[in-house]
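One structure is given here, and the rest of the page talks about it.
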Amino acid sequence: MSEENMTELLSSGLKNDYNKETFTLKHKIDEQMFPCRFVKIVPLMSWGPSFNFSIWYIELHGIEDPDVVQPCLNWYSKYREQEAIRLCLKHFRQHNYTEAFESLQKKTRIALEHPMLTHLHDRLVLQGDFDACEEFIDKAVKDGLFNQYISQQEYKPRWSQIIPKCNKGTSSQEISRDDVNKTVYLFGGWDGTQDLADFWAYSVLENQWACISRDTEKESGPSARSCHKMCIDSQRRQIYTLGRYLDSSVRNSKSLKSDFYRYDIDANTWTLLSEDTSADGGPKLVFDHQMCMDSEKHMIYTFGGRILTCNGSVEDSRTSEPQFSGLYAFQCQAGSWSLLREDSCNAGPEDIQSRIGHCMLFHTRNRCLYVFGGQRSKTYLNDFFSYDVDGDHVEIISDGTKKDSGMVPMTGFTQRATIDPELNEIHVLSGLSKDKDKREENVRNSFWIYDIARNNWSCVYKNDQAVKENPNKTLQEEEPCPRFAHQLVYDEMHKVHYLFGGNPGKSCSPKMRLDDFWSLRLCRPSKEYLLRHCRYLIRKYRFEEKAQSEPLSALKYLQNDLSLTVDHTDPDETKEFQLLPSALFKSGSDFIPLGFSDVDQTYAQRTQLFDTLVNFFPDSMTPPKGNLVDLITL
């Protein structure tokens, strides 16, 4: 509301073209709209060294109606005043200004925190009842109050190779998983020499592959193929497969028909739904497309993919540009196709650009398709958008222009993605580049998490091909090597990823295909770990407090009570525990926290412990994160 105190509403970039672009600005705090009086635009980077900064035309869309703006203005003023008072309350209590704290709280009737945390402060800081504090933390963990903190922690990947291996190496195969029956299905692919038509099932419970069919074509099923797609309807226990790649030498009007099959898991039978989906109003024969199943509405969505033609180019003889397929929906019950979006190069708000090698996922709860990445001709795309299947609406999440190098998955690398609607997350495994020229530049695996609610990416891990740096270390024993043309599926129920096969991109062995099978678990701190950690923090402080007055009693407490909260198999925890006895030889002044010199030592230390413990609780319960003294400018 003033030019002196401005809040960043957007950090983005413009495309170097003449098309209109629309950006959504931050406009809410705690789901409440706030008013805006000034808008400041700061150019940070140009498209080239001799490129002049210029703003041709800007249009702001918002609400000017006083009946809407005035209540927001009143709320915003009240919100700022309330937060200022809470900062004062926090400062007064930290420094034990009891009279000032009680007077301000009585006058304003503003709560510093949730009453539960006030109770914890009373027990810990004022009374020093450490046993009651441990009981309080134990109850808080059981009541799920640490869940928000856990959800905000970074994942740690845990790869495990699954043995026995499937007895074939393939790339461009397709797999689907049945969460209900804990089964992974694998069909077709390319073994380096030929297309395959075999059909396999992996039982998670039995840890065993079973061959359903050596040749599905002989059982009225699809012919041998690669670069196809499958999706599974877990409710009805049916698998659908569409598309394939054909070499230009075998393409003709008959072979270029896009057949469409359904497999019934219980009956173990294939059904030909369509000899040519193009003739039924669906997509032409495509490869490197994406398919998603909406079991609730019994719909299939397919988007993108390169359209195959007799001469390897588009049917229009006037151009040699490749042709891409749009967004289609298939109504399984009615057996009918509908075109939802055509391929478009326009930058309109509802236009989408088709591509190959992209990721597409269906969110069963908010009922949106999420599409990102891919390649169009020689251009690698890094835009990210969602499509509301019920509202027929496209939302651009990221247009790919923002310079987020290192903060988002890199383009030009093979990406495989899964979605967890319960956690509201998208998972992306980025592997090897298909481009032979780029393949040796940066050989690595990386795993990314996209938090849909917070709209941010985080990199869980990157491996820099440690084999090159340490020949004695076998990378394949710990995690899968970088690859492309592999497949990744996700078990939502047990939160496990499964990765199979692919092409390692070895220039010395171009026909080499992998047949390794891996599981990946993403681990966060558990409730049990956090409970033990909080007990450790409480007992550690209790020991340090005892060490100042009762060193012998403190030593016994260290050996008998504090040691129980330490994981002695963890080198870091063990080292920290071994250094704790040094507290027995420190003077009292060594324990006074910075910034608390005017406060009793015991009160200051307990306050610091309290501030550490409240970090595990939801933000809605805790005091403000900032400090009053941080507002002082020098």
- Query: Restricting attention to segment 250-303, which residues are in contact (Cβ under 8 Å) with a residue 60 or more places away in the chain, part of a loop (DSSP other than H, G, I, E, B) and under 21 Å from I175 (Cβ atoms)?
  - Reply: I265, D288, H289, S295
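Residue by residue, here is whether (1) outside the structural domain of C72 (by TED's automatic domain parsing); (2) surrounded by 10 or more Cβ atoms within 10 Å (Cβ to Cβ); (3) not small (G, A, S) holds:
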| site | (1), (2), (3) |
| --- | --- |
| E4 | no, no, yes |
| S11 | no, yes, no |
| D17 | no, no, yes |
| T22 | no, yes, yes |
| L25 | no, yes, yes |
| M33 | no, yes, yes |
| V39 | no, yes, yes |
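Kindly check whether there is at least one residue in segment 232-244 that is of a type outside the set (S, T, Y), farther than 27 Å from G357 by Cβ and without any contact (Cβ under 8 Å) to a residue 24 or more places away in the chain.
No, segment 232-244 contains no residue that is of a type outside the set (S, T, Y), farther than 27 Å from G357 by Cβ and without any contact (Cβ under 8 Å) to a residue 24 or more places away in the chain.
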- Item | Of all residues making up segment 1-36, the number that are of a type in the set (G, A, S) and in contact with a strand residue (DSSP E or B) (Cβ under 9 Å, 6 or more places away or on another chain) | 1
- Are any residues in segment 247-264 surrounded by 19 or more Cβ atoms within 10 Å (Cβ to Cβ) and either farther than 16 Å from C231 by Cα or hydroxyl-bearing (S, T, Y) (or both), and if so, which ones? S258, Y261, Y263
- Task: Could you run through segment 350-399 and say how many residues are surrounded by 16 or more Cβ atoms within 10 Å (Cβ to Cβ), of a type in the set (S, T, Y) and farther than 23 Å from D420 by Cβ?
- Result: 2
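Between D316, D343, D288, which is farther than 22 Å from D392 by Cα, buried (at least 17 other Cβ atoms within 10 Å of the Cβ) and modelled with pLDDT under 95?
Result of the check over D316, D343, D288: D288.
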- Message: Considering only residues that are under 23 Å from F187 (Cβ atoms) and either part of a loop (DSSP other than H, G, I, E, B) or of a type in the set (A, V, I, L, M, F, W, C) (or both), which ones fall in segment 506-534?
- Response: K511, M512, R513, L514, F517, W518, L520
- Task: Quick one: which residue in T277, T302, T269 is β-branched (V, I, T) and surrounded by fewer than 21 Cβ atoms within 10 Å (Cβ to Cβ)?
- Result: T269
- Message: Return the pair list, or none, for Cβ contacts closer than 6 Å from residues in segment 88-107 that are under 18 Å from P624 (Cβ atoms) to residues that are surrounded by fewer than 17 Cβ atoms within 10 Å (Cβ to Cβ) and among the small types (G, A, S), at least 6 apart or on different chains.
- Response: F92/A100
- Task: State which residue is farthest from the chain's Cα centre (by Cα) when the search covers only segment 506-553 and only residues that are of a type in the set (D, E, K, R), surrounded by 14 or more Cβ atoms within 10 Å (Cβ to Cβ) and closer than 30 Å to Y603 by Cβ.
- Result: K546
- Test S620 against the criterion of being under 29 Å from K527 (Cβ atoms) and either surrounded by 15 or more Cβ atoms within 10 Å (Cβ to Cβ) or modelled with pLDDT under 95 (or both), and give yes or no. yes
- Query: Which one of these is assigned to a helix (DSSP H, G or I), in the same structural domain as C534 (by TED's automatic domain parsing) and surrounded by 13 or more Cβ atoms within 10 Å (Cβ to Cβ): R93, R123?
  - Reply: R123
- Could you tell me whether segment 233-247 includes any residue that is over 28 Å from the mean Cα position of the chain (by Cα), at pLDDT below 90 and not basic (K, R)? yes
- So, of the residues in segment 190-227 that are part of a loop (DSSP other than H, G, I, E, B) and of a type in the set (A, V, I, L, M), which turns out to be nearest to the chain's Cα centre (by Cα)? V204
- Which members of segment 541-579 meet the condition of being part of a loop (DSSP other than H, G, I, E, B) and over 21 Å from E528 (Cβ atoms)? E550
- Item | Failed item in (1) assigned to a loop (DSSP other than H, G, I, E, B); (2) out of contact with any Gly (no Cβ under 8 Å at 6 or more places or on another chain), with A132 passing the rest | (1)
- Task: Test D590 against the stated conditions and say whether it is at pLDDT below 95 and closer than 30 Å to V428 by Cβ.
- Result: no
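The values are calculated or read from the model by the stated rules, or taken from the named source; none is laboratory data. As the structure is a computational prediction, the values presented were derived from the model and not from experiment. Here the Cβ is made from the backbone with ideal geometry for all residues, glycine too, and neighbour counts use every protein chain on show.
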